[in-house]
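Here, each number is a calculation from the coordinates, and none is a lab measurement. This is a predicted model, so every value here is computed, not measured. Here the Cβ positions follow ideal geometry from the backbone for every residue, glycine too, while neighbour counts run over all protein chains shown.
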4 protein chains.
Amino acid sequence: MSTKRDDILNAALRLFSRRGFYGTTMPELAREAGVGAGTIYRYFDSKETLVNTLYQSWKAKITEDVYADLPADLPWRARFTLLWTRLFDFAHTHPEAFSFVDLHYHSDYLDEQSRMVEQMSAATLFTMVLEGQADQVLVDLPPAVLIAMVYSAFLGVVRAEQAGYVVVDETLATATEERAWAMIRR
Amino acid sequence: MSTKRDDILNAALRLFSRRGFYGTTMPELAREAGVGAGTIYRYFDSKETLVNTLYQSWKAKITEDVYADLPADLPWRARFTLLWTRLFDFAHTHPEAFSFVDLHYHSDYLDEQSRMVEQMSAATLFTMVLEGQADQVLVDLPPAVLIAMVYSAFLGVVRAEQAGYVVVDETLATATEERAWAMIRR
Amino acid sequence: MSTKRDDILNAALRLFSRRGFYGTTMPELAREAGVGAGTIYRYFDSKETLVNTLYQSWKAKITEDVYADLPADLPWRARFTLLWTRLFDFAHTHPEAFSFVDLHYHSDYLDEQSRMVEQMSAATLFTMVLEGQADQVLVDLPPAVLIAMVYSAFLGVVRAEQAGYVVVDETLATATEERAWAMIRR
Amino acid sequence: MSTKRDDILNAALRLFSRRGFYGTTMPELAREAGVGAGTIYRYFDSKETLVNTLYQSWKAKITEDVYADLPADLPWRARFTLLWTRLFDFAHTHPEAFSFVDLHYHSDYLDEQSRMVEQMSAATLFTMVLEGQADQVLVDLPPAVLIAMVYSAFLGVVRAEQAGYVVVDETLATATEERAWAMIRR
DNA sequence: CATGAATGAGTTTTCATTCAT
DNA sequence: TATGAATGAAAACTCATTCAT
């Protein structure tokens with residue numbers, strides 16, 4: 001089965017997350033993927049199609065792996081811990097995914113569908129925060145702000161880790177989770 | 001007086017912060033600055049020189065405007081409030097500056113001097129955090145982590161604001177400051 | 001087989017020998033070679049690399065075709081005749097080669113290797129002249145001077161021919177050879 | 001009186017003789033001449049006008065200084081000696097002039113008038129050679145060939161000298177003259 | 001007269017995309 | 001289906017020339 005398509009997507013994730021969309025050339029990408037330059041175009045119409053496909057798939061995968069299947073009866077504190085843990089698990093399993101998604105946030109080459117996936121993912125979180133606020137567990141700030149602060153704080157740690165400034169073991173992951181929770185709990 | 005050089009730097013800040021380094025073309029930049037394409041090269045040797053000049057000047061300006069002249073005897077709580085206020089003041093005065101600096105963080109076209117300015121800025125914060133921990137006011141996590149979490153949280157809010165998701169008035173600024181402080185205070 | 005590379009080199013020989021390095025533009029060259037502008041860069045890193053490659057190959061070819069395989073026991077007079085004949089044969093087979101090599105002599109865009117090829121070629125002649133002088137056959141002047149005078153005289157005839165001032169048939173070639181020999185024989 | 005015009009012409013001689021027409025830029029030329037870039041255009045309509053002016057003036061000066069005022073009754077041998085001496089005197093007084101004139105020989109940016117000056121100079125020599133042949137003093141080859149061989153041989157020596165390969169003192173100048181004469185005398 | 005900052009057409013070079021194999 | 005050589009449009013950059021001072 002076509003492993004080439006995946007080779008291309010994996011290479012694209014690596015390069016786009018490092019050098020960005022415009023900083024990555026198709027020949028480079030072909031070399032990194034171990035395929036001919038023309039081969040990329042058998043699977044993707046254009047560079048933009050490729051980046052959109054990649055963006056959507058990772059955004060969806062993050063949403064799925066991190067936000068889905070939260071036990072409905074889980075107390076808020078434990079729920080947050082679970083989310084935070086999943087975030088770090090994901091970040092460690094797919095080190096380039098968060099950088100990639102973050103780097104391409106709101107870029108003008110993202111198409112309608114990418115924006116929709118983006119919206120859906122945001123909506124999930126948004127709803128969750130609203131519930132937490134209704135339950136008087138989360139602080140009363142615009143959900144967009146709470147989400148931005150927590151998610152950015154998480155991303156900040158991941159970036160520090162990838163830059164080699166710290167190693168995030170389980171202890172540190174837990175500690176950061178506590179701090180993030182302290183930021184948003186009522 | 002050479003207003004052209006400033007026109008170019010201002011246009012570059014606007015475009016680089018939006019489209020990134022590789023996504024911004026020199027003709028675009030020339031048009032945005034209202035100068036001829038060749039004029040840019042009278043003031044900057046190359047596109048790389050330009051982005052480095054810009055990076056260094058803004059990084060230095062942020063450091064100066066936000067971190068400098070902190071009253072030595074200011075209590076930690078008040079000190080943090082002051083810093084947070086200054087960050088928002090800066091972000092509102094120069095809406096593109098933080099995005100620009102953040103977007104170009106650790107890019108491979110940044111030269112030695114840009115990295116040095118970067119280091120100096122980081123060192124200032126690092127020292128401050130260490131003091132706060134010695135005074136038992138700040139939580140005991142690696143300073144790089146605390147800095148990353150707070151600064152990223154701030155950036156997250158600014159980005160949400162620029163995306164039009166929220167309006168950050170004084171009340172909201174204060175509220176976010178409290179949340180950020182809650183994240184790092186012991 | 002990569003005939004394109006040869007097409008480019010041949011076109012470059014023609015244009016560089018006529019208009020010089022700076023006077024030849026890459027689009028012109030591409031058109032003359034019958035290839036796309038980008039194609040040139042698949043085979044040569046830069047215009048400078050191209051001119052150096054060309055210089056080295058022709059300098060080496062001249063040296064090989066003209067100076068190599070001289071029968072060791074050939075009397076000086078016959079040896080000179082042979083060299084002169086070979087020079088004209090070469091000039092008539094590759095009408096632009098001598099102009100090209102001469103025009104680019106000591107140009108600052110020639111690299112280390114081009115200079116080495118240059119030196120090697122010069123050394124061959126130099127040694128030959130020294131031997132001729134030791135044998136009391138050649139006049140006692142600095143070899144560099146003898147070489148310069150003979151080679152330049154030859155080039156002068158070739159240039160006159162190319163400018164259309166004369167036609168150099170076998171008779172004229174022989175006559176010029178006699179004159180050149182008269183210039184340097186003891 | 002306008003020394004600037006001369007400054008420009010002198011700078012142009014130096015740069016054009018070294019780097020050629022296309023290899024010399026107007027700003028470079030302005031700097032070398034010690035004038036503003038715009039100043040050049042007060043004296044010369046364009047770069048082409050400048051090079052043509054320069055070419056004509058030097059070609060004329062060479063013709064005047066070297067070929068004019070030859071005592072009518074001077075024997076051929078002495079006449080040749082005088083010419084050769086004058087050539088070397090000229091070359092040593094104006095080291096760049098011969099290179100410049102030679103380098104621009106038959107270039108397509110030379111205008112009608114430059115070609116005429118060229119023709120006139122050639123005609124003088126041509127006539128002289130014809131006379132010498134009529135007098136049975138010079139060898140019977142096409143005058144264009146004789147002229148090319150002698151003049152090129154001379155240029156070869158000058159180039160060797162400028163490249164630093166030899167120093168041409170009076171003895172060597174005389175020796176080369178003898179060799180050149182041997183080449184063309186009957 | 002003289003300047004040199006400013007320009008845009010033209011240069012070298014890159015790169016997304018195509019297509020013959 | 002896969003390739004990578006080939007392309008030309010567009011990028012970064014240069015330079016002859018102009019013009020406000």
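The spread of Cα positions in region D:19-111, taken along each principal axis and listed from longest to shortest, comes to 52, 25, 22 Å. Compute the Cα gyration tensor for region A:46-184, then decide on rounded, prolate or oblate, letting a ≥ b ≥ c be the square roots of its eigenvalues: rounded whenever a/c is under 1.5, prolate when a/b is larger than b/c in the other cases, and oblate in all that remain. Oblate is the answer for region A:46-184, as a/c is 1.5 or above yet b/c matches or exceeds a/b. Taking each of C:Lys4/D:Lys47; A:Lys4/A:Lys61; A:Lys4/C:Lys4; A:Lys59/B:Lys61; A:Lys4/A:Lys47 in turn, the alpha-carbon distance tops 25 angstrom for C:Lys4/D:Lys47; A:Lys4/C:Lys4; A:Lys59/B:Lys61. Using the Cα gyration tensor of region D:68-140, with a ≥ b ≥ c the square roots of its eigenvalues, what is the shape: rounded (a/c below 1.5), prolate (a/b larger than b/c) or oblate (neither)? In terms of gyration-tensor shape, oblate. Where does helix D:143-162 land angle-wise versus the long Cα axis of chain D, in degrees 0 to 90, nearest 10? The two axes meet at around 60 degrees. Is the shape of the protein assembly as shown rounded, prolate or oblate, going by the alpha carbon gyration tensor and its root eigenvalues a ≥ b ≥ c, with a/c under 1.5 for rounded and a/b larger than b/c for prolate? Judged from the Cα gyration tensor, the protein assembly as shown comes out prolate (a/c at least 1.5, a/b above b/c). Kirkwood hydrodynamic radius computed over region D:1-44 comes to 10.2 Å, based on all pairs of distinct alpha carbons. Take each residue of peptide C:138-148, count the partner chain Cβ atoms within 10 Å of its Cβ, and average: the result is 6. Taking the dipole about the Cα centre of chain D, with the C-beta of Lys and Arg at +1 and of Asp and Glu at -1, give me whichever of D:Phe126, D:Pro27, D:Gln113 is farthest to the positive side. The Cα lying farthest towards the positive end belongs to D:Pro27. The Cα center of region A:84-128 and the Cα center of region A:1-79 differ in position by 11 Å. Its Cα centre serving as origin, region B:22-69 has a Cβ charge dipole (Lys and Arg +1, Asp and Glu -1) of approximately 180 debye.
Only Lys, Arg, Asp and Glu carry charge here, each on its Cβ (+1 for the first two, -1 for the last two); on that basis the protein assembly as shown has a dipole of about 400 debye about its Cα centre. Across region D:20-71, Cα-Cα pairs farther apart than 19 Å form 39% of the total. Among A:Ile147, A:Trp84, A:Val166, which residue has its Cα positioned farthest towards the positive end of the charge dipole of chain A, with +1 placed on the Cβ of Lys and Arg, -1 on the Cβ of Asp and Glu, and the dipole taken about the Cα centre? Value: A:Val166.
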